[in-house]
Amino acid sequence: MVPYRNIFFGFLVGLSLVCFSSVAFAEGVVSRIDSVKIVNGIVTGSGVDTYKFKASRGKSFFVSVSKLGSDDTGFMPSLKLIDPDKNILSREVQNFFVRIPVLNPAEGEWTIEVGRGDEGKSGGAYEIRLVEAPGAEGVPIQSREVYTGNIIRGSMDVYTISGEPDFMGRLILTLKGGSEFFPEIWVISPNGDMLSAWGCSETCEQDFPLMDSGIHTILVWRDDRSDGEGSYTLSVSGMRENIVGTIENEKPVHGTVKGRDVHSYHFDVAEGSSFIVTISGKGEAVPGFFLDLQLFDSDNNMTDAASGDVYARLSAFDMPAGEWRIDVNRGDGGEDGGDYELKLLQAPVARGALMKFGETYTGSIFRGAIDVYTISGTPDVLGRITLAPTDENAGFEFDVMVFAPNGGMADFIGCTDRCYTDLEMTEYSDYTVMVGRTDYHDIEGEYTLSVERTDGKVETVDRGIDGLFMNPAIPVWPRRLLKMDRSAYIYRRGMFLPFTSRSLTQEDRAAAEAGDAIAQLHVGDCSSGAEAVKWWEKAAAQGNVMARNRLGTVPVRGDANRQYEAAGWYRQIIEQGAPSDSAFQRANRMVSGCTKAQDFARNRKLLREVAEEGVAAAQYNLAVLYAFGFDEPPDFAEAVKWYGKAADQGLIVAMDSLGELYEHGDGVRQNDTKALELYQQAAKSGYPKALYNLGRLAAEGRGMSKDTAQAAVWLRQAAEGGYADAQGELDMLEGRKTQAAQLWRRAAARGNKTSLRRLVETYRKDGIPEQDYDEVLEIYRNASYEVNPQAFVGLADLFAKQEDYFEAYFWYSLVLDTVKDVYLPTNEKKALAEYAASEAARVKTKLSAEQIAVTKWRIDDRNPQPRSEAQKKAAEFLLQRWNSYQEKGADAASPSLFNLQAANMGLALAQHYMGSFYTREGEARDLARSIEFYKKAVINGRVQSATEIGKFYHFGIRVPFDLHEAAKWYEMDVSRGYKPAMDRLGWIYLSGLPNSGQKAIAMYEKAAARDIWEANNALGMIYLYGLGGVPPDHRKALKWYLKSAEKGSDTGAVQAAAILKNYEPRDYGRARKLLSSFGSAVALNNRAYMYEHGLGVEEEQMEGRTPPTAIELYKRAADMCYGRAMYNIGRLYITGADAPRISATPIQKNTGIARQWMERAAAYGSVAAVIWLTLNSSDGMDSDLEIPQEEVTPPPEPCEKKGR
């Protein structure tokens, strides 16, 4: 069986179906086409035939256009597919046929356009087919019956089969005839989802689920270009899943399995944790009894497999989060019952005997069994764990696995005599040690295990006061928010002369390159000459008024800058306010977009000197420094003074700015009449911003009688003058609310704070239209990455309307925490604070005491407060008792006793420890007290405690099973950056609670903003597979996987490459470059597969490089113990290959070499290799076949077999 090219991404191939036909002979046909119908047509030159059809919810569809006849040899049919929103989803041109499948399409009217890709003048005959699945009529399949089919190039056969709960199907397709015949098989569920897909070059066998009630559709089509018919046989057999249950950590499960039964056990895995699964036969021996064990991840991908007649074991390290599954079945297929015991050990959940440095422990274990130990960790401690078999001549084989506190693998060794592993501790938490037996001797094996320090230090727990207050989480805040940058807010606010108290950063330049107009403006401000003009022009082209102002000051050469003169009010500063160019330039150089914080005091002094000389521009810039403060609190009185001096000289922007101070009452008594007078003076010269301010006051009746007609005149003049906010106010005034909101959204997305404020106010009153929700949410989120109370209150309103009171309360509280420190007009700041306080009080009544406390800690995480004396006293007490316990051991007081004392003193860490203590098995187990202590720890700021409470509700331990309640507790820790909580909450959103995918997206986007690269992969997975009710979108999936690859994730690179390779528009060159940047086994294997099939090879050759051959890359991946690569090598020896891109020397068919590779692949988890070996027993081998030993080399030792 040939592995389908990244099946789970849905490699887009076509299909065709023959039922009945009609003919369209005229060019330019516009017609409807029905499902399961063939239409014939002729196209000439640039003529296009158009067909329309309606796509239904829950159905996928497939379109195929095939060339008819051979008279017009140059005819290349083209096919264009257009969705209901008029987006072109695909445009294909091929020599013989074109196919486009669409899985779970948007509901509505779709359009197909057929033409000539070559634009030949003669008539090109074609046939077009459309089929929907489910719903296509096909041959009904009965289990174990054999069906025969014959298909030609471009055609397809359709079969149907009924599903039922807990039913698995096994499909067997055997090729009977046809040159270069390569069929592909798709299985479509009753809901239109693709369940399985693969391709065959010989006989292939595949298991697939038929667990949904209803009709499943099986499609068999040809993917090759050969002319002759291809014949095949098809059959389906079924097998039952008799048991579906759960398995818990350290709790063995017993069962009896026979025949083709499958026993499935589900369990939960935390992100980055590890686990070991063991199975062994029990009871009276059954002749031929052979157990198979298979492991499936949360995406139902089989990641590992093991078999054994006595016992079998699977190990998986550093695994992704989700619900995993273990399948148990009889490998021998015997019908008599075979008893087994299945056991799961998870790290770091598994608990064992507490090991102390300098002590030796004795153990005795049977084959396949595992003993567990625990070591309390201390940062910067180096230790050595030593294992010694008691009888070194008995042939026992042991392995020792050490797991970090997060469950990740720290070290792994195997030995038959004395061996050791070194351990470097990095945190205050428990490390897990597991000792296992891997031999088959039927007697117990004894051993000793010891741990000692190797750093020469005496073992004490010197945790330190600060260590006792540390939380196991990364900062919640993006770097830009960890320390509030007041001038950054001013810069984004869109002032006439924007400032930023920072130099240009790499982040700014990257954002500018990506098209961010604000960043482009800043890069231009920090550049000079032609480079500055280049970036200003880029920003101006996006409508950025500040950039247009900059360009208005650039000397005009010819007519190059005429388009910017209308917005170039900056030029008027030169013309009106500067007695000489040199004086103005000296004043202006003192304040620029790259001014550093430490320069403001010096610049203020120099500006005052120039301002006192009477330079209006310097007076204006000095007033700006006083108004906004920058490095010190604002001084509005001084701002009024210097704005007034500049205004007295006729500087229109100074008149307008002074009017705003009077309007808002900053530095002077609030006076709308005076503000109106100043705006009118500035507006006489046609200054758009002053006209805008006049329009506002007239519309509101401030300083004058309310006059909407005059307000509309002024606003229209301001809009025509290039002031972006004016058009939105005009639309609102004249009743065009939708248009106004659209303008404000666009402006807010570019960083305009006035538009953001108006957008928030409008949506608070009228609500957000459903179709605009995602866009508005993104605008608010992007704005909230900086200290922006307007964005904070917008997010708070949004969450409050969704009844997400926890998030709403946080954002309202954040408004109150930040509004006093940012520049806003006094009256606007007061109104914002009053509204946020009122709403915070309202939503607070919906929250628990723990949620209110966590909100306080979330805000304190940004600006930590000093610890109280009581907290310090509790920490000192606990530290002293810990050190005494480590020195005296059993003679000291029990840790549970002094932890309880410290917990009662209010220390959050001790309260968390006590919560953990009461969850352990034994006499101390008291889950009610455990929850009580965890809640206290949450209130006192301990991250992780809320997650532990969430687990109780998640699994129904002591409390009723309640995923909503579990999500509430997980959200508390997620809000503070605790990744294990994010993993569990992600599982609930995507698998537990229906249609919660948007919540998962919001959570993972926040995590991605905090540089948690795994969140990028999670977002890619959500969009690729359409999880949690989110519509599939491979373009968004690609965006997030590429972000993950940029962070160094080979998973992100592999997934992104697969999308580039399999989805339109395909980009083989970029996919190849991505895979070439990573050296993991998966990346090497996938890159080799591309080379084998000639994808991306030509681009690399055109770049002047000689690419490695496919076999070289497969062998490199095989050397890393990747079973799929070993299988691919074996496959090449089965078929032979002579293409230079595959191998420098032709690969001759050799079943013996193939079998060696298949056996090795099967040992390393390749299911395809297991199936091939099952179907091709060694009895069928040619006994005379010579197997050159140099052809197969073993992988280098040691070979770490990790779960994938």
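The values are calculated or read from the model by the stated rules, or taken from the named source; none is laboratory data. Only a predicted model underlies this, so the values are computations on that prediction, with no experimental measurement involved. Every residue, glycine as well, gets a Cβ built from its backbone with ideal geometry; the counts of neighbours run over all protein chains shown.
Consider residue 678 carefully, then state whether it is at pLDDT 90 or above, in a helix (DSSP H, G or I) and under 50 Å from the mean Cα position of the chain (by Cα). When the stated conditions are applied, residue 678 does not pass them. Between 414, 368, the distinction of being out of contact with any Leu (no Cβ under 8 Å at 6 or more places or on another chain), surrounded by fewer than 16 Cβ atoms within 10 Å (Cβ to Cβ), under 26 Å from residue 307 (Cα atoms) and modelled with pLDDT of 75 or more belongs to 414 only. Across the stretch 653-675, the qualifying residues are those that are over 14 Å from residue 623 (Cβ atoms) and in contact (Cβ under 8 Å) with a residue 60 or more places away in the chain, and the one among them that is nearest to the chain's Cα centre (by Cα) is 664.
Only one entry of 1155, 1116, 1105, 1160 meets the criterion of being buried (at least 18 other Cβ atoms within 10 Å of the Cβ), out of contact with any Pro (no Cβ under 7 Å at 6 or more places or on another chain), over 27 Å from residue 308 (Cβ atoms) and not aliphatic (A, V, I, L, M), and that entry is 1116.
Residue-by-condition table, conditions (1) touching a strand residue (DSSP E or B) at 6+ places or on another chain (Cβ under 7 Å); (2) within 21 Å of residue 368 (Cβ to Cβ); (3) modelled with pLDDT of 80 or more; (4) buried (at least 21 other Cβ atoms within 10 Å of the Cβ):
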site: 292; (1), (2), (3), (4): yes, yes, yes, no
site: 295; (1), (2), (3), (4): yes, yes, yes, yes
site: 307; (1), (2), (3), (4): yes, yes, no, no
site: 310; (1), (2), (3), (4): yes, yes, no, no
site: 327; (1), (2), (3), (4): yes, yes, yes, no
site: 332; (1), (2), (3), (4): no, yes, no, no
site: 335; (1), (2), (3), (4): no, no, no, no
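Taking the conditions exactly as written (of a type in the set (A, V, I, L, M, F, W, C) and modelled with pLDDT under 80), does residue 400 satisfy them or not? Criteria not met by residue 400. If you go through the stretch 714-725 and keep only what is acidic (Asp, Glu) and either at pLDDT 90 or above or surrounded by 18 or more Cβ atoms within 10 Å (Cβ to Cβ) (or both), you end up with just 725. Only a single item in (1) modelled with pLDDT of 85 or more; (2) within 23 Å of residue 314 (Cβ to Cβ) is not met by residue 1164, and it is number (1).
Here residue 642 passes the criteria (1) assigned by TED's automatic domain parsing to the domain that holds residue 617; (2) in contact (Cβ under 8 Å) with a residue 60 or more places away in the chain except the one numbered (2).
Of everything listed in (1) part of a helix (DSSP H, G or I); (2) in contact with a helix residue (DSSP H, G or I) (Cβ under 8 Å, 6 or more places away or on another chain), the single unmet condition for residue 673 is (2). Would you check if residue 245 is surrounded by fewer than 17 Cβ atoms within 10 Å (Cβ to Cβ), under 30 Å from residue 139 (Cα atoms), at pLDDT below 85 and of a type outside the set (Val, Ile, Thr)? In short, no.
When 426, 378 are checked against the criterion of being under 18 Å from residue 356 (Cβ atoms) and modelled with pLDDT under 75, a single residue qualifies: 378.
For the condition of a type outside the set (Gly, Ala, Ser), more than 26 Å from residue 799 (Cβ to Cβ) and either free of Cβ contacts under 8 Å to residues at least 24 places away in the same chain or surrounded by 21 or more Cβ atoms within 10 Å (Cβ to Cβ) (or both), residue 990 does not qualify. I'd like the residue in the stretch 692-713 that is outside any loop (DSSP other than H, G, I, E, B) and touching a Lys or Arg at 6+ places or on another chain (Cβ under 9 Å) and, out of all such residues, is surrounded by the most Cβ atoms within 10 Å (Cβ to Cβ). Ranking the candidates gives 695 first.
Within the stretch 327-372, the residues that satisfy the criterion of being within 21 Å of residue 266 (Cβ to Cβ), among the aliphatic types (A, V, I, L, M) and outside any strand (DSSP E or B) are 349, 350.
Within the stretch 1016-1036, the set of residues being within 8 Å of the chain's Cα centre (by Cα) and of a type in the set (A, V, I, L, M) comprises 1018, 1019, 1021, 1022. If we keep just the residues of the stretch 958-1002 that are in a loop (DSSP other than H, G, I, E, B) and aromatic (Phe, Trp, Tyr), which is nearest to residue 268 (Cα to Cα)? Selected residue: 961.
Considering the stretch 79-191, the qualifying strands (runs of 3 or more DSSP E), each wholly inside and each with 2 or more residues that are within 16 Å of residue 59 (Cα to Cα), run over 97-102, 108-116, 124-133, 156-163, 183-188. The sole residue among 796, 800, 791 that is surrounded by fewer than 22 Cβ atoms within 10 Å (Cβ to Cβ) and either among the aliphatic types (A, V, I, L, M) or modelled with pLDDT of 80 or more (or both) is 800.
For the stretch 46-71, a residue qualifies if it is farther than 27 Å from residue 190 by Cβ and buried (at least 19 other Cβ atoms within 10 Å of the Cβ), and the qualifying residues are 49, 65, 66, 67.
When the residues of the stretch 72-88 are filtered to those that are surrounded by 15 or more Cβ atoms within 10 Å (Cβ to Cβ) and under 38 Å from the mean Cα position of the chain (by Cα), the one that is farthest from residue 45 (Cα to Cα) is 83. When 903, 892, 910 are screened for being more than 30 Å from residue 812 (Cβ to Cβ), at pLDDT below 80 and either surrounded by 12 or more Cβ atoms within 10 Å (Cβ to Cβ) or among the aliphatic types (A, V, I, L, M) (or both), only 892 passes.
Across the stretch 613-639, the number of residues qualifying as under 20 Å from residue 671 (Cβ atoms) and crowded, with 20+ Cβ neighbours inside 10 Å comes to 5.
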